[in-house]
Every structure is written in C-alpha cells, then in structure tokens.
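Down below is the structure, laid out as structure tokens.
Any read-out appearing in this document is the output of simple, stated calculations on the displayed coordinates, not a laboratory observation. Computed from a prediction, not measured in an experiment: that's the story for all the values here. A quick note on method: Cβ atoms are made from the backbone with ideal geometry, for glycine too, and the neighbour counts reach across all protein chains shown.
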Amino acid sequence: MGGGAEGGRGRRREADAAGPPLSPFHGRTARRRRHRPGRCPGALAVRAGRNGTGIVSAIAVRGALWFRGFLDRAAQERLVDEIRAVVAAAPLFAPVTRRGQPLSVRMTSAGRCGWVSDRKGYRYEPRHPDGMPWPPLPPTVAAAWEALSGWPAPPDCCLVNWYDPGARMGLHQDRDEADFSAPVLSLSLGDTGVFRIGAEARGGRTDRIDLASGDALLLTGPSRLAHHGIARILPGTSTLLPAPGRINLTCRVVG
Ligand SMILES: O=C(O)CCC(=O)C(=O)O
Ligand SMILES: [Fe+2]
C-alpha cells in the first residue's frame, strides 16, 4: 500500500467519517437488487486461472487482470467463514491518518504482517494495534494466490477491508512494498464495489470495474502501480453477507 493522505506520493485515501459500527458478520441476509454492471472499455480475454470449478479467463483493463466469478458461491462462503475466524482473532479496527482523520473502511490483516495507519503514519507491522500477532493466511486466499499470482512465494500480507455501504477508498497507489515486480491480488466478497483504475501517473481518466462477489483482480506488470480506488459500494447486489457491505482482501508481497 502506498503513502498517506498527506504525503503527496503514494496512497491518498480519502479520510471521511466512519459510519455507525455495523457488524458485517451478523444479522439477516441481504436482499438482492438488480444492477447493470459498468462498461469496461478495451476489455480483452488474455489469461486463464483455475478455481474450484474450472477455468476462468481474465479481462485486461489498464493492464490489470479481472477474473470475474473466480470464486464460486461455495468458495465464497468458505472464505467468509475463514475471514470470520481472522476477525475473531484480530478484530477490525478503524484506521486514521497521521492527522487523525478516520478512513471510512475498517481493516485487519492476516499473514506475516499487517497494514496499519494511525497518528504515527501508515506502515506494515508484525502485530495488530491491540498487540496480538496477525492470524495465518486463510487457505482459500493462499489457493487463489497460487492459482493467479504467478509468484513463487506466498504473500506476506492479506489486508482485510470492510466497507459499510457508505464507505469508499480514494485514488491511491499501493507502494509500501519493497519489490513492485510482485503482483497485488484482490478478492471481493459481498456487495459490488465500483473500482476505478487509472494510470501510474497522477490525474487523467480512470476506467470503471464493477468488482462483484467472487471476482479477483490482479494488479500486475504495467498496472502494478496504477492509481486505483473504490468510488462506492452498490448495496443490495449480493446475498452472500448477512448485512449490506463489502469485504475486500488484498494480498501483497511486502519484502
Ligand atoms: O477494495 C478494493 O477493491 C481496493 C482496496 C485497495 O486498493 C487497498 O486496500 O489498497
Ligand atoms: Fe490499493
């Protein structure tokens, strides 16, 4: 992940008010609402990956590889259970910027290290802010990384992002890692997130990718340092989670 909100380089997450505490893991099942997926200019099938049920091909957008429906429903449910165990061991926390402004996304991590942001700045840490070690990488995440990343070693960090329906993430680059030749793999669960991806240089036009439950996205090669963010969540687009909202898992080799 990249620089802080005030750094001028790297991550520029918008600090906006965190919504009311809402448990992603309790309550009744959300109702599905229809929506039209976003247009995807320049889409091209370029690569295949293996999931539990067969081969899926990827669509390239700005060099990022989008594997629609990579995780089938059973794998998504299994992964939600695995994330519940991660959150039970290392609770979601509300990160703030160095200036104390809250991010609207709540976070935790699994793996050797986790990403944190607080008054001391943003960085990878070997322990959760409450002092416990991060739980091990969930097996479904490890398998997805092995299938899609093309990287010979497992990721060091699986960041767990929880988006309430009003949460978002400003355009930023993921650049807190030592080696940008390792890709970043993201997995989406629950309500669709409207992902925007632009160029490595700041500014300019962005393309829209609607990341639905079960989709995987690989930031690799020319897209590894692309600016990206989540413009909004589309509540009611998935029945996977018991409450409206979205889980995103982002795997990185930190170095
Ligand atoms: O939620 C997403 O799809 C993107 C997350 C992200 O860019 C990050 O955590 O750095
Ligand atoms: Fe990112």
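According to the square roots a ≥ b ≥ c of the eigenvalues of the Cα gyration tensor, what is the shape class of segment 52-125, taking rounded for a/c under 1.5, prolate for a/b larger than b/c otherwise, and oblate for the remainder?
Verdict is oblate for segment 52-125.
Relative to the present Cα-Cα distance, how much length would full extension add between Asp118 and Thr239 at 0.36 nm per residue of separation?
Taking 0.36 nm per residue and subtracting the Cα distance, the gain is 40.2 nm.
How high is the FRET efficiency from Arg232 to Ala201, r the C-beta distance, R0 30 Å, rounded to 0.05?
Values: r = 24 Å, r/R0 = 0.81.
Given R0 = 30 Å and the Cβ-Cβ separation, E is 0.80.
Residues with beta-carbon under 10 Å from that of Asn161, excluding Asn161: net charge, scoring Lys, Arg +1 and Asp, Glu -1?
+2
Just to verify a number: FRET efficiency for Val194 and Ser57, C-beta to C-beta distance, R0 = 22 Å, to 0.05?
0.45
Among 87-97, 233-243, how do they line up by average Cβ neighbours within 10 Å per residue, starting with the highest?
233-243, 87-97
Any idea how far the Cα center of segment 163-228 sits from the one of segment 63-93, in Å?
A separation of 16 Å, based on Cα centres.
Find out how many positive minus negative residues lie around Val253, taking Lys and Arg as positive, Asp and Glu as negative, among other residues whose Cβ is under 12 Å from that of Val253.
-2
For segment 45-252, what is the charge dipole size about the Cα centre, in debye to the nearest 20, if Lys and Arg each add +1 at the Cβ and Asp and Glu each add -1 at the Cβ?
It comes to approximately 580 debye.
Taking the highest mean first, how do the peptides 192-199, 209-216 order by number of other beta carbon atoms within 10 angstrom per residue?
The packing order, highest mean first, is 209-216, 192-199.
Compute the Cα gyration tensor for segment 45-252, then decide on rounded, prolate or oblate, letting a ≥ b ≥ c be the square roots of its eigenvalues: rounded whenever a/c is under 1.5, prolate when a/b is larger than b/c in the other cases, and oblate in all that remain. Don't jump to the answer; show the numbers that get you there.
On the way: a/c = 1.27, a/b = 1.13, b/c = 1.12.
It is rounded, given that a/c, with a ≥ b ≥ c, falls under 1.5.
Could you work out how much longer the chain between Asp81 and Met132 gets when fully extended? Use 0.36 nm per residue separation minus the Cα distance between them, nm to one decimal.
16.3 nm
If a/c stays under 1.5 just call it rounded; otherwise compare a/b with b/c (prolate if a/b is bigger, oblate if not). Do that for segment 63-105, with a ≥ b ≥ c from the square roots of the Cα gyration tensor eigenvalues.
Cα axes put segment 63-105 in the oblate bin.
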